[in-house]
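Any read-out appearing in this document is the output of simple, stated calculations on the displayed coordinates, not a laboratory observation. Treat the numbers as computed from the prediction; the structure is a model and nothing was measured. Cβ placement follows ideal geometry from the backbone for every residue including glycine, while neighbour counts extend to all protein chains displayed.
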Amino acid sequence: MRSILIVNDDGIEADGLIRLAEIAKQLGEVWVVAPDGQRSAASHAITLHGTVDIYPHSFPVEGVRAFSCSGTPADCVRVGSLSIMPHKPDIVLSGINRGLNTATDIQYSGTAGAAFEGAFQGCLSIAVSEEVDSDGEVTAKYLPELLAELTEKMPGYGQIYNINIPGCPLSEFRGILRDRAVSHGMFYRDRYKKVTDLPGGGMRFEVDGVYNEECEPGTDFRAVVENYISVGIVNNLS
């Protein structure tokens, strides 16, 4: 039986993590190591200066062994695969993220960062993300067969599969598009707005993104905008 490590960046209590574990049970033995809180936009960061604390954690999916981690999503993969599990997993699944990870947003994504760490550890690795306002219908119907398909073929060295699922109702869903290129665009064109002035001449800013749907045809971004599931291979730096 194949062993599967599931991680995320939304935290161990996240609904998407639980749903992914339910689906993954059909594919093998499931372990979960997930952050003890929100770690979105952690990218591929790992903890070098300091310690990482791991605790057993109750989990609502029968047969799944789960642990919370004080570190980043990539830490979860490293500690889980190198120390918690009895051997390296065959498959690393990262998600289901609350929010899409397409286009240039991939470089910031803790979901993708964890999957890249899984690939670095020699595991077949898949990042799964879903639109924030999704009711989960499309995911529930199509993700099981998609994972069964993708876990049969290892991508190239340093590569991950990246799945993005639109938030449309099932009645408006248009299908699955494979081999999507990574868009050069972005869902939110970031800018910063000043929140307040600080003592000593300082200033406090926060991100104030402007929503955008302009993107190239044939890309991950275009697919989800048009109510398709996007499947593509993303390269790590190596």
> Taking the chain as a Gaussian network, Cα atoms linked when under 10 Å apart, which of 191, 222, 65 shows the biggest mean-square fluctuation?
Replying inline: 191
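Could you calculate the FRET efficiency of residue 233 with residue 203 from 1/(1 + (r/R0)^6), where r is the beta carbon distance between them and R0 is 30 Å, rounded to 0.05?
Efficiency at R0 = 30 Å is approximately 0.15.
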> Taking Cα pairs under 8 Å and at least six residues apart, what relative contact order does region 72-224 come out at, in percent?
Replying inline: 22
> What is the order of 49, 57, 44, fewest Cβ neighbours within 10 Å to most?
Replying inline: 49, 57, 44
> Okay, which of region 192-215 sit inside 11 Å, backbone N to the point 7 Å along the Cα-Cβ direction of residue 108?
Replying inline: 192, 207-210
> Between residue 132 and residue 154, what FRET efficiency comes out of the Förster formula 1/(1 + (r/R0)^6) with R0 = 35 Å and r the beta carbon distance, rounded to 0.05?
Replying inline: 0.70
> How about residue 141: which lysines have a C-alpha closer than 22 Å to its C-alpha, ignoring those fewer than 8 places off in the same chain?
Replying inline: 25, 153
> If you take the square roots of the eigenvalues of the alpha-carbon gyration tensor of the chain and sort them as a ≥ b ≥ c, do you get rounded (a/c under 1.5), prolate (a/b over b/c) or oblate?
Replying inline: oblate
> Fewest to most neighbouring Cβ within 10 Å: what's the order for 100, 5?
Replying inline: 100, 5
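In deg cm²/dmol, rounded to 500, what helix-only [θ] at 222 nm does the chain give when every DSSP H run of at least 4 residues adds -39500 (n - 2.57) and the total is split over its residues?
Mean residue ellipticity at 222 nm (helix-derived): -6000 deg cm²/dmol.
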> What's the local net charge at residue 96, with K and R +1, D and E -1, over the other residues with C-beta under 10 Å away?
Replying inline: -1
> Given a Förster distance of 35 angstrom, what is the FRET efficiency for residue 179 paired with residue 1, based on the Cβ-Cβ distance and rounded to 0.05?
Replying inline: 0.70
>> Rounded, prolate or oblate, given the Cα gyration tensor of region 5-124, with a/c below 1.5 counting as rounded?
In response: rounded
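How would you rank 123, 76, going from fewest to most other Cβ atoms within 10 Å of each one's own Cβ?
123, 76
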